[in-house]
Structure formats: C-alpha cells, structure tokens
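Undergrad: So that we are looking at the same thing, I have put the structure below in structure tokens.
The values are calculated or read from the model by the stated rules, or taken from the named source; none is laboratory data. Small disclaimer: the values here were computed from a predicted structure and weren't measured. Here Cβ is always computed from backbone atoms with ideal geometry, including for glycine, and neighbour counts include all displayed protein chains.
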Amino acid sequence: GAGVSQSPSNKVTEKGKDVELRCDPISGHTALYWYRQSLGQGLEFLIYFQGNSAPDKSGLPSDRFSAERTGGSVSTLTIQRTQQEDSAVYLCASNLDTFANTGELFFGEGSRLTVL
Amino acid sequence: AQSVTQLGSHVSVSEGALVLLRCNYSSSVPPYLFWYVQYPNQGLQLLLKYTTGATLVKGINGFEAEFKKSETSFHLTKPSAHMSDAAEYFCAVSDTGRGADGLTFGKGTHLIIQP
C-alpha cells in the first residue's frame, strides 16, 4: 500500500477482554515496529520484526502482550485480559531495510485503545 | 543506555515568531538524532535527521536543527512560526542505528501557535 495502514483506528473494550490490533506495513518493508503512546509519556518501544528473524520482544510490558507477523508482512498485536492501564495509542511503523540505511520510520496513524 | 530529554511539554509562540524546541540526549557513542512531528490524529512524520557530516540539518517545512556534541543537544528551530506548525514534536535518538534497539523518544513537546 501507499502507507502504513492500521486497524481499527479506535477500539473501546471492557476490562478483561482480549483485543487484536492490525498493522499492514508499506509493501516491501522488511522491518516492522510496534510502539505504545500514552498521554504525556512519549513513545514506548514494544516489539520489532526484521524479515524472517526472531522478533525482538524486549519491550513488551507483560505476558498479556504478544505479536506476530505473517508472511513477513501484516502484523497483529494481541493484548489479552486488557487492563485500564493498557489504554493508549498503539503505533506501528515500518522501514525498508535496517534503520540505519534510511534513518526513517514510516508510521501508521495508530489504533486508539480505550479500556473501560 | 540512551535517553532523550525534551524541555517543556508545552511551548507557545506567536505566529511569525521564532520557534525553539529543546532536546538533550545521552548516548555512549555518537548518536543518530531525529525530530518527528505528529499532527492531531495522525502518525509520526520525520522532520529531519542527523547521522553524520554537517551538524546543521535542514528539514521539511522550514525547520532545522543543529547537533552540538559538546552540549549533547539537538534543538529544533524555525525562524517564523505558522499556524500550521501547531503539533506535537518528538526528539529521538539511536546509538546503534539498528532496528532492534530502535529509537528512544522524548516525551514530546506540544507546540501552540498564538494568532
């Protein structure tokens, strides 16, 4: 696609429910990142996929969070048993190659999650 | 470990006035430095970046930033603010430039433009 596409743009859920957030990166981009943006907290790195390599999950805040990337393209971030503190905007970004080559991440518009 | 400090969560300037958004970083090695802008309900967009070479970097929309190693700073400036510059601005640093270490972002500065 022309840009990074994320869905849903907004999600309201009840505490304890599971949610799935989807990211469709720019076609051909091998690197994919998930970030969490909380009010007043900047961006928090969650997980990174590069090609067929094992993902770097070092930023996931708890075992309720998981992500997968199928076929080296679309990625799904899953949050199980959601808590109110999970409320945030979840941003996906992609890059053609290693970050150093272009120095630029292309961001989607984010998925705003509200946990009631 | 690298870190970024953006001084001022909110900055207000008059239209036509100088914009100065401050960013200081810490890094154990020469860093890659970035400024991103986020307009309401949109994702982040790269304004400019410093990797190597010239320390004064020009970006889009008339913005520029200067890498000052001695001050560990990468402040963002624009000579004359426009109403359309109202947005959230994020400074970011990477000391490896490689994806797994990603970018470390500052907490952001909300730029308000007064008419």
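Undergrad: Any residue that is assigned to a loop (DSSP other than H, G, I, E, B), more than 13 Å from the chain's Cα centre (by Cα) and over 25 Å from residue A:4 (Cβ atoms) - is there at least one of those in the range B:41-49?
TA: Checked the range B:41-49: no residue is assigned to a loop (DSSP other than H, G, I, E, B), more than 13 Å from the chain's Cα centre (by Cα) and over 25 Å from residue A:4 (Cβ atoms).
Undergrad: Same structure, new question: Could you check residue B:83 against (1) closer than 22 Å to residue A:107 by Cβ; (2) touching a residue at least 60 places away in the same chain (Cβ under 8 Å); (3) over 14 Å from the mean Cα position of the chain (by Cα) and say which number it fails?
TA: (1)
Undergrad: Sort through B:13, B:19, B:37 and tell me the only one that's under 30 Å from residue A:8 (Cβ atoms) and at pLDDT 95 or above.
TA: Working: B:13 fails: under 30 Å from residue A:8 (Cβ atoms); B:19 fails: under 30 Å from residue A:8 (Cβ atoms).
After applying the criteria, what remains is B:37.
Undergrad: Moving on to the next point. Identify the single condition in (1) under 23 Å from residue A:33 (Cβ atoms); (2) more than 11 Å from chain A (Cβ to nearest Cβ); (3) out of contact with any strand residue (DSSP E or B) (no Cβ under 8 Å at 6 or more places or on another chain); (4) polar (S, T, N, Q) that residue B:42 does not satisfy, given that it satisfies every other one.
TA: (2)
Undergrad: Also, quick follow-up: So residue B:23 ticks every box in (1) hydrophobic (A, V, I, L, M, F, W, C); (2) in contact with a Ser or Thr (Cβ under 7 Å, 6 or more places away or on another chain); (3) not in a strand (DSSP E or B) but one. Which box is left unticked?
TA: (3)
Undergrad: Follow-up question, since we're still on this one. Looking at the range A:50-73 only, could you name the residues that are hydrophobic (A, V, I, L, M, F, W, C) and more than 25 Å from residue A:85 (Cα to Cα)?
TA: Step one: list which residues in the range A:50-73 are hydrophobic (A, V, I, L, M, F, W, C), which gives A:54, A:60, A:65, A:67.
The answer is A:54, and nothing else.
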